[in-house]
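J.: Structure in structure tokens, see below.
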Amino acid sequence: MSGVTPAWVNALPDEDYQHSFGLKAGSAEKFFAPTERHVDLLAQRRHWLRSDTARCAALLPGAEPLLEEATALARQWNSLPADSLSSPQGRRGPGRGGTTPPNDAPLPNPLPALSSQGEGEDDAWSRCLALGEAWEPDYLLLKPDAATGRFHLVGGCVCFPSSWRFEEKVGQPLEVIHTPVPHLNEQLASPIHNFLSRLKPGAAWCRANWGLSRSSELNQHPARGLPKLRPPLREDEVWLRVEDQALFALPESRGVLFGIRMTVIPLAEVKRHPAAARGLARALRTMPDAMLDYKSLLAAKEELLRLLKTEV
Ligand code: HEM
């Protein structure tokens, strides 16, 4: 085992699997701050945001004030380069999201401009993309519906999804977004809604999800058709994905900024940390089949436990 325990080990506690709220107070400025992976992460983000814009970015009407506030925070935290506010070339209006591509065919690039977009809308759209290219984490903007108070996803940039489609979630309320996750809404929809409604400015609230994949790619959009975890598997074909998340109140616009930072760890590295290997094996053993299925782990469960066995 290596000397220092990395932070991702905490995502794998030695306890039976359960949906957990698991929020801890943290710093949004630190969460969005550049790391030693900055150059590589930003190059990847730029690639996806420019080549597959409609799947990675969206800004619905009414989301502009949330974006303005998020952009102001990025400036305040010095995480937005001065030149990123100029309109990047070939980036005018692929549609600002909320539409679902008919299939997984590559989208045209450069994408056609929308004639209905005015100058101000174009500016906001450019800023939405600029923030997606400046921050290492993905970011999502949530806004409470004026009538019901339910939080809806109204925009953001998601380059590194774990097998979900950002473009299909845009415009949806959070409970609808969470529908594919077995039993999540019945257990946590109300606590999540109450928590978001009472979020106070200042601290970020942080939690983590994890998953396993047969690919080390950060961008695991379903359209990419990446390989699935099916037996037989070698140790060097499995990666742990840890999604660190931060929730931060946007008090002026009454919205929420949601950041997702992805870390991918080879299984061999996970096994070098016995606490992590133990926590992962226990989660796999105790996870209900419906949840294993949702996480695309059902077929590979025994194989994964076999690969982890030496350490547990
Ligand atoms: C405290 C708040 C939250 C909790 C406890 C929570 C919990 C979860 C859990 C347990 C999963 C399943 C992930 C897995 O195990 O693979 C999930 C998935 C997901 N969550 Fe959340 N979540 C929260 C807030 C949010 C917010 C604010 C968003 C913003 C839109 C969001 C978007 C998603 C999406 C897109 C998925 C994937 C759904 C799919 O597979 O179609 N969550 N969440």
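Quick note: the coordinates plus some simple rules give every number you see, no bench work behind them. These numbers were taken from a predicted model, which means no experiment stands behind them. Virtual Cβ from ideal backbone geometry, glycine too; neighbours counted across all protein chains shown.
J.: Rg(Cα) of the chain divided by 2.2 N^0.38 Å?
T.: Against the compact-globule rule of thumb, the ratio is 1.00.
J.: Which of the chymotrypsin sites (Phe, Trp or Tyr not before Pro) found in the range 1-86 are in a DSSP loop and have at most 13 neighbouring Cβ atoms, other than their own, within 10 Å? Intermediate values should be presented prior to the final figure.
T.: Numbers: sites: Trp8, Tyr17, Phe21, Phe31, Phe32, Trp48, Trp77; in loops: Tyr17, Phe21, Trp77.
Here the sparse-neighbourhood loop sites are Phe21.
J.: Looking at this model, which pairs from Lys24/Lys200; Lys228/Lys309; Lys228/Lys295 are more than 18 angstrom apart at the alpha-carbon?
T.: Details: Lys24/Lys200 14 Å; Lys228/Lys309 21 Å; Lys228/Lys295 11 Å.
Correct reply: Lys228/Lys309.
J.: Separate question: Could you give the size of the charge dipole of the chain about its Cα centre, using +1 on the Cβ of each K and R and -1 on the Cβ of each D and E, expressed in debye and rounded to the nearest 20? Write out the running numbers ahead of the final one.
T.: Working: 36 positive and 37 negative charges, 103 e Å.
So the magnitude is around 500 debye.
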